[in-house]
Every structure is written in C-alpha cells, then in structure tokens.
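The values are calculated or read from the model by the stated rules, or taken from the named source; none is laboratory data. This is a predicted model, so every value here is computed, not measured. Cβ sites come from the backbone with ideal geometry, for glycine too, and all protein chains shown count toward neighbours.
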Amino acid sequence: MKLREKQLADRRRRILDAAEQLIDQTGGADFSMLILADRAEVSPATPYNLFGSKPQLLFSLFNRSLAELPVKDLTASYKDPLDRLLETTRVVATHLATHAEFFRPLYRALIGVSDDLHRPEFVEHHLQRWRRALADVQRARLLSSVVTIDQLARQLMINFAGTVELWVHGELDADGFAAEAAFGTALLLLGAAIPQAQARLLRHLKAARRGLQAGLAIGRTAHGKKEKAA
C-alpha cells in the first residue's frame with residue numbers, strides 16, 4: 001500500500017473510531033460532523049471528503065462492525081450445520097444486545113436512510129452470511145427442494161431484521177431478542193428441511209420457545225422505562 005493510501009486508510013479508521021466513541025458516550029448518533037472531525041483530529045472537510053455524508057459515514061461504521069461479529073470460530077464447536085446456523089443467529093443477537101449502547105443508536109439513525117453505496121453492501125453482507133450457512137446445510141443434504149437457498153436466505157434475513165427492529169425500539173429485551181431470533185430461524189428452516197432433520201429443528205423450537213417474552217413491551221423505551229403518555 002502506498003503512503004497516501006495508508007494515510008487515507010488511517011484517517012478513515014480514526015474518523016470511524018471517533019464516531020463509535022461518540023455514540024458510546026452520548027447514547028446517540030446526532031453529533032455534528034464538526035464535532036466528529038475535532039474528535040478524530042482531522043480537518044472539518046475530511047469526513048465529507050472521505051465518506052460523502054453523515055449517513056454514508058454511519059453505514060461505513062455499521063459495515064465495519066459486521067466484520068467484528070464473533071461467529072468465525074463456531075465451525076469447530078458445532079459440526080452439525082443446522083446447529084451452527086442456529087447458534088450463529090443466537091450469537092449475533094447476543095452480540096448486538098451486549099453492545100446495545102452502540103448498536104441501538106446506530107440502527108435508529110440508519111432506519112429509513114437511503115444510501116446507494118453502503119446500504120446495498122450492508123444488505124449483501126447479511127444475505128451472504130445466510131447463504132454460506134445454508135450452503136453448509138445443503139451440502140449435508142438436510143434441505144428439501146421446496147425453496148432455493150437464495151429464497152430461504154432472503155426470508156431468514158428479513159425475519160432477523162424484523163426481530164432486530166423490535167429490539168432496537170425496546171419491545172424485546174436481550175434474552176427475548178436472542179430467543180425470538182432463534183425461534184424464527186428454526187421455524188423457517190422447519191419448512192425447508194428434509195423429514196429426518198425436522199425432529200432436531202423441533203427440539204430447537206421448543207428450547208427457543210421457553211425464552212420467548214410473554215408479550216412485546218409496547219409503550220416502553222429502548223431502556224425499558226415506561227413512556228409517558230402524550
């Protein structure tokens with residue numbers, strides 16, 4: 001890597017690190033780009049020059065965080081690809097909930113934001129994760145021909161995204177988030193699995209069901225406190 005490329009990469013990293021620190025410290029993502037530049041010790045124009053806009057910067061931060069999800073070592077621990085896929089779902093949900101002070105504000109800031117560069121990258125990352133996991137399941141001959149891997153990956157991603165949205169708004173607590181994510185994944189897999197694999201998935205459904213919340217915490221904030229009536 002040439003010197004200039006290294007300098008640009010270092011500035012990008014410093015800006016993203018500063019944005020992550022500001023979200024952690026303030027509990028929100030409504031800081032100004034001027035404050036961000038000052039925290040990263042770069043000129044006020046640098047964040048715009050390197051990222052284009054604040055939403056693009058936040059998407060870049062989000063995409064970077066996806067690479068840090070603790071799912072790389074599950075292959076050695078879970079030989080059964082169905083078990084591994086379901087455990088991956090739980091691990092990702094638990095990781096997001098464990099770092100709620102960072103992920104909740106970031107999700108809120110990006111919901112409804114359009115971005116032609118980083119948003120597709122974000123969606124494609126999730127689709128690829130589901131496709132890779134399902135490819136392992138298919139190689140083990142545990143999937144029927146009811147749906148294709150692409151169709152099932154799409155539905156698994158949509159199901160997980162809906163669960164995340166409920167958690168972001170405080171309608172699921174951390175345990176409920178992980179349980180709902182695992183339950184939804186197992187339920188979708190059940191319809192696409194061969195009969196011999198369905199018994200295992202039913203056991204996963206039963207285990208996840210024990211962790212489901214009795215109801216959604218409608219009217220509560222993301223911090224679990226009751227909202228005041230308008």
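Whenever a residue of region 175-197 is part of a helix (DSSP H, G or I), its partners that are basic (K, R), lying with C-beta atoms within less than 7 angstrom and at least six residues away or across chains, give the pairs A178/R90; A181/R90; A182/R90; F183/R209. The conditions of being touching a residue at least 60 places away in the same chain (Cβ under 8 Å), within 25 Å of V147 (Cα to Cα) and part of a helix (DSSP H, G or I) are met by L86. You will find that of L82, L69, L96, the residue that is closer than 29 Å to D136 by Cα and in contact with a strand residue (DSSP E or B) (Cβ under 8 Å, 6 or more places away or on another chain) is L82 and no other. Taking (1) farther than 21 Å from M157 by Cα; (2) modelled with pLDDT of 90 or more in turn, L190 satisfies each apart from (1). Every condition in (1) outside any loop (DSSP other than H, G, I, E, B); (2) surrounded by fewer than 16 Cβ atoms within 10 Å (Cβ to Cβ) holds for M157 except the one numbered (2). Only one of the numbered conditions (1) under 27 Å from R131 (Cα atoms); (2) in a helix (DSSP H, G or I) is not met by P105, and that is (1). Going by the structure shown, is Q128 within 17 Å of the chain's Cα centre (by Cα) and assigned to a helix (DSSP H, G or I)? Yes. Of the set (1) over 30 Å from E101 (Cα atoms); (2) at pLDDT below 95, all apply to L152 but (2). One residue stands out in region 111-143 among those that are touching a Lys or Arg at 6+ places or on another chain (Cβ under 8 Å) and at pLDDT below 90: the one that is farthest from K79 (Cα to Cα), namely V113. Close contacts from region 108-133, counting a first residue that is over 23 Å from I149 (Cβ atoms) and a second that is in a helix (DSSP H, G or I) and among the β-branched types (V, I, T), with Cβ to Cβ under 7 Å and a gap of 6+ residues or different chains, come to R108/V168. In region 33-42, which residues are surrounded by fewer than 12 Cβ atoms within 10 Å (Cβ to Cβ) and small (G, A, S)? Scanning region 33-42 gives no hits.
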